[in-house]
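Since the structure comes first, as structure tokens, the remarks are kept for the end.
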Amino acid sequence: MKLPDMLKILRTSNGLTQKQVANYLKINQYNLSDYETGRAKPDIDTLIKLADLYEVSLDDMLGHKVNQLKQTSSASTVDEYIKDLHTLKIIRRIQPLDATEKDQIYKIIDSTCTTIFKK
């Protein structure tokens with residue numbers, strides 16, 4: 001997957017508008033649009049800020065894993081990986097919590113899964 005496509009997917013999957021991301025980056029919305037369409041390439045500092053905003057690694061954002069999956073897997077596997085980036089973002093938020101806080105989150109997740117799977 002190419003960077004422009006990944007930038008748009010990450011932005012939309014995080015529920016953000018181009019204007020919101022442009023404001024965060026302190027750039028013009030047209031510049032962000034150019035990044036997402038491939039008319040321009042963001043510099044490394046901008047890439048780092050975007051990775052921080054979307055809470056993904058630079059490898060994930062640059063699509064290295066996606067490109068490897070494309071060589072060995074089906075399109076649905078690649079789509080699932082992209083969806084799983086959101087899960088990774090949540091896991092990264094949980095990791096620094098203390099044991100009590102993690103326990104509370106795990107109980108909520110377990111309860112939610114139990115409710116969902118009973119349907």
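Structure values in brief
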item	result
Of all residues in segment 47-61 being charged (D, E, K, R) and farther than 14 Å from Arg92 by Cα, the one that is nearest to the chain's Cα centre (by Cα)	Asp59
Hits in segment 10-19 - residues which are part of a loop (DSSP other than H, G, I, E, B) and either crowded, with 17+ Cβ neighbours inside 10 Å or on the phi < 0 side of the Ramachandran plot (or both)	Asn14, Leu16, Thr17
Whichever residue in segment 28-58 is assigned to a helix (DSSP H, G or I) and of a type in the set (D, E, K, R) and, among such residues, is modelled with the lowest pLDDT	Asp52
In segment 6-27, the residues that are out of contact with any Gly (no Cβ under 8 Å at 6 or more places or on another chain) and either modelled with pLDDT under 95 or closer than 15 Å to Arg39 by Cα (or both)	Leu7, Lys8, Ile9, Leu10, Arg11, Thr12, Ser13, Asn14, Gly15, Leu16
Pick from segment 83-105, criterion of a type in the set (Asp, Glu) and more than 21 Å from Ser13 (Cβ to Cβ), ranking: surrounded by the fewest Cβ atoms within 10 Å (Cβ to Cβ)	Asp98
Conditions (1) part of a helix (DSSP H, G or I); (2) surrounded by fewer than 16 Cβ atoms within 10 Å (Cβ to Cβ): number failed by Ala22	(2)
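The values are calculated or read from the model by the stated rules, or taken from the named source; none is laboratory data. On a predicted model such as this, the values are computed, not experimentally measured, just so you know. Note that we place each Cβ from the backbone using ideal geometry, even for glycine, and neighbour counts take in every protein chain shown.
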